[in-house]
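Read through the structure below, which is laid out as structure tokens, and then see the notes.
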Amino acid sequence: MSFFEMGGYAAYIWPAFGVGALVLIGLLVISLRRLKSREAALLRLEAAGGGRRRRGRGDGDEEDAETEKEEASP
Amino acid sequence: MATKTKKAGIGLHFFANPARFLRFARKIFPWVAIVAVACIVAALVLGLAVVPADYRQGDAYRIIFVHVPASYMALMIYVIIALASAAGFIWRHPLADLIAKSSAPIGACFTFISLVTGSLWGEPMWGTWWVWDARITSMLVLLFLYLGYIALNSAYDDPTKGARASAILALVGAVNIPIIKFSVDWWNTLHQPATISKFDRPSMDASMIAPLLLMVVGFIAYYLAVLIIRLRSEIAARRIRNLRLAQVGG
């Protein structure tokens, strides 16, 4: 019997693995797309902010500066 | 003295700073992605092609290699959401709320996979697609908890309010987790008891356990990879929101 017939259970096994693959890959693609679009929107907003900051990141800036200082100190 | 306080700061508060978390996430992302792909592919090859058929269920039992790991992830991610919700609620840990929010859709997907693959396994083995058995019903309740969590979390204009409301839902809904876990022992219905448990020897041959454990590891790595992507996306959304507010206000 061939591999794809799965001992007569092909009608159950392949859909089970297919649904798993479809859902997991779908979620991955949706999550990646959303990240891309948000990062692009963030870049646009920062560019529109007009170079007020070297690499402006909104309110995260103070936190960033603090971390950098903390990590630089020996 | 300075190093001492710094050391004490590592732990719960280490990732309180999103910028530090993002640096860490960028470092580990390639590794979890590689582990996810390698383990899932290996589990599929072993589980579908290498491991022999079961003496009673024939090839149908191979559904176990996606059904059990997915169910395990559904429960584990809910526990993570409940713990992160508690941390966000009690300590107002900024990343904990985002971890809970970002995990919910992943957990919902695994719960859905668990229910569909269980149904596809039930039909040839039990002769029915669906039965209102304790395990299956409590898994369906888990799916509704996930969906309710996602809906409530995004129901408020203020994300902090959404996080607090959905945190309460997540914590109350956590009652369902031990019910799911022990349902097969408490109610003797169609669903079979656990194949692998900490206390007994597994009721499965060692060669059949390898693909199962590989798939669990692969799914955990997949969860971490998608969680990192979604967390980065949430952090970006928060910055966008703050920038917009600053522009309107300033």
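Rule-based calculations on the coordinates, nothing more; no lab input. Every value quoted in this text rests on a predicted model; they were computed, and no experiment measured them. Neighbour counts run over all protein chains shown; Cβ positions are idealised from the backbone, glycine included.
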* Which whole number of Å³ per residue matches the convex hull of the alpha-carbon atoms in region B:148-250? -> 136 Å³
* Ellipticity estimate at 222 nm from DSSP helix runs (n ≥ 4, -39,500 (n - 2.57)) divided over chain B, nearest 500 -> -26500 deg cm²/dmol
* Residues of region B:153-172 with amide nitrogen under 12 Å from the 7 Å Cα-to-Cβ point of B:GLN247? -> none
* To do: Just the number, please: Stokes-Einstein D of chain B in µm²/s, Kirkwood Rh from C-alpha pairs, 20 °C, 1.002 mPa s.
  => 107 µm²/s
* Between B:ILE196 and B:TRP31, 0.36 nm times their residue separation minus their Cα-Cα distance comes to what? -> 56.6 nm
* Ignore the peptide's own chain and count Cβ atoms of other chains within 10 Å of each Cβ in B:66-72; give me the average, rounded. => 2
* What is the packing order of peptides B:206-216, B:23-33, B:114-124, taking the mean over residues of other C-beta atoms within 10 Å and listing the highest first? -> B:114-124, B:206-216, B:23-33
* Asked: Expressed as an acute angle from 0 to 90° and rounded to the nearest 10, what is the orientation of the C-alpha long axis of helix B:206-249 relative to the principal long axis of chain B?
  -> 20 degrees
* Asked: What's the average, rounded to a whole number, of partner chain beta-carbon atoms within 10 Å of each residue's beta-carbon in B:111-118?
  -> 3
* Structure fact -> Restricting to Cα pairs under 8 Å and 6 or more apart, the percent relative contact order of chain B works out to 30 percent
* Structure fact -> Mean other chain Cβ within 10 Å across A:32-38 is 5
* Asked: Want the number for A:SER37 to A:SER2: 0.36 nm per residue separation, take away the alpha-carbon distance, what's left?
  -> 8.1 nm
* Structure fact -> Using alpha carbon centers only, region B:134-183 is separated from region B:49-73 by a whole-angstrom value of 29 Å
* What share of Cα pairs, in percent, lie more than 24 angstrom apart in region B:58-197? -> 33 percent
